[in-house]
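Reading through the structure tokens given below for one structure.
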Amino acid sequence: MKKTIRDIDVSGKKVLVRCDFNVPQDENGNITDTRRIVGALPTIKYLIDNNAKVILCSHLGRPKGEVKKEFSLAPVQKELSKELGIEVKLADDIVGESAKELTKSMKEKEVVLLENVRFDKREEANDREFSRELASLADIYVNDAFGTAHRAHSSTAGVAEFLPAVSGFLIEKEIKFLGDALNNPERPFVAVLGGKKVSDKIPVINNLLEKVDTLIIAGGMAYTFFKAKGLNIGNSLCEDDKIEMAKELMKKADDKGIKMLLPVDVRVAKEFSNDAENKIVKIENIEDGWEGVDIGSETIEEFKSVLETAKTIMWNGPVGVFEFDNFAYGTNKIAEIVAGTDATTVIGGGDSAAAIEKAGYADKMTHISTGGGASLEFLEGKVLPGIDCLQELEK
């Protein structure tokens, strides 16, 4: 277990908090989705309520070490000030004169936001001197940015060499729900893996086959498994160099007595567009010139019967081309089924989170991860540098 802000005295201390304020904006710089900012509020409010001097930092976009106005955190500062009901001051730099001046004279309960950490090319290089300069602004380091916890950068891991380092509430929640689902699940434990590429998920499948009772595989990645079974898949997505690996994974599931479920029928389309001619066919009846774009109704029923008996469900990746409304039906139905169960439901970040938001079931899930890449690496069983660097709670 990692220490959190509850486990240390923050009163009167300068606390550097790494947040994930990498939020989408429109062409006028208006934030179009504030979820990441809202997600950081419990940690920030706790620190304010406990008389800390709060210094926030984050990246936004990929400025590649250059100062670019379109990647400034100014819109985030405005939104934070509104959400917190106090003025959040924005430094013009990260570790320069402005940052030093603003943080030196801070009073308790005040909040300062440093400018985009990726405006300095040393950030992504995890430069030790930059980490030291960042750390010199504060007394305590808090990581609350799960979305970047798989990156060893100065603001996500490097500063922990120079300051006592603990987690915020967001990371605490991620570790709890992802960790419990993987290591101590209530059974039956069912995992649903979708998305385009099987190559992205091979380590995840390998790790989950040690943990789950049933593994459901759908989405674009399923067609590599169908081809491995010798079926015709028409123009469907397939990674030919992963066919042998798909065979090995099916054999591993078989040897371990784990059910690996693939679709029994799919919706196929003549071309990759929302308005393409389409139909549902049995999996063995995909014709040349057609490509799989969604799961079929029989598959939905089969998956439903398994999901409804589950006590823990983990879902990562849509089961069809959910970006096209005509082919989002399967993903929406799975979201509806998962939302209607009594199971603990943990959703991997990225496209899965977007699909569930779009389907309108986000508030029915136990936990939706804030990190796409980070949650995948966590599911693979990898050590995440941004979590590994935090202090352990003494037993």
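Coordinate-derived values only; no laboratory data. Being a predicted model, the structure only gives us computed values, none of them experimental. Every residue, glycine among them, receives a Cβ derived from its backbone with ideal geometry; neighbour counts consider all protein chains shown.
Mind listing the long-range amide H neighbours of residue 56? Cut-off is under 5 Å, sequence gap 5 or more, other chains count too, H placed in the peptide plane at 1.01 Å from N.
Result for residue 56 returns 17, 112, 113, 114.
Among (i) -0.27; (ii) -0.20; (iii) -0.49, which one is log10 I(q)/I(0) by the Debye sum over Cα atoms at q = 0.06 Å⁻¹ computed from these coordinates?
So the structure-derived entry is (i).
Given an 8 Å cut-off on Cα distances and at least 6 residues of separation, report the relative contact order of the chain as a percent.
Reported as a whole number, the value is 16 percent.
Under a GNM of the chain (C-alpha, springs under 10 Å), which listed residue has the highest mean-square fluctuation: 381, 85, 147?
Checking each option, the largest mean-square fluctuation is seen for 85.
For the pairs 69/173; 14/69; 89/176; 201/229; 270/382; 3/242, flag any whose C-alpha to C-alpha distance is greater than 30 Å.
Correct reply: 69/173; 89/176; 270/382; 3/242.
What number do you get for the range 5-172 when its Cα radius of gyration is normalised by 2.2 N^0.38 Å, N = residues?
0.92
Ordered by packing density, taken as the mean number of other Cβ atoms within 10 Å over each peptide's residues, highest first, how do 48-59, 2-13, 22-33 rank?
48-59, 2-13, 22-33
Could you tell me how far the Cα centroid of the range 209-224 sits from the Cα centroid of the range 115-136, in Å?
First find each Cα centre; the distance between them is then 40 Å.
Normalising by the residue count of the range 5-172, find the relative contact order in percent from Cα pairs under 8 Å and 6+ residues apart.
29
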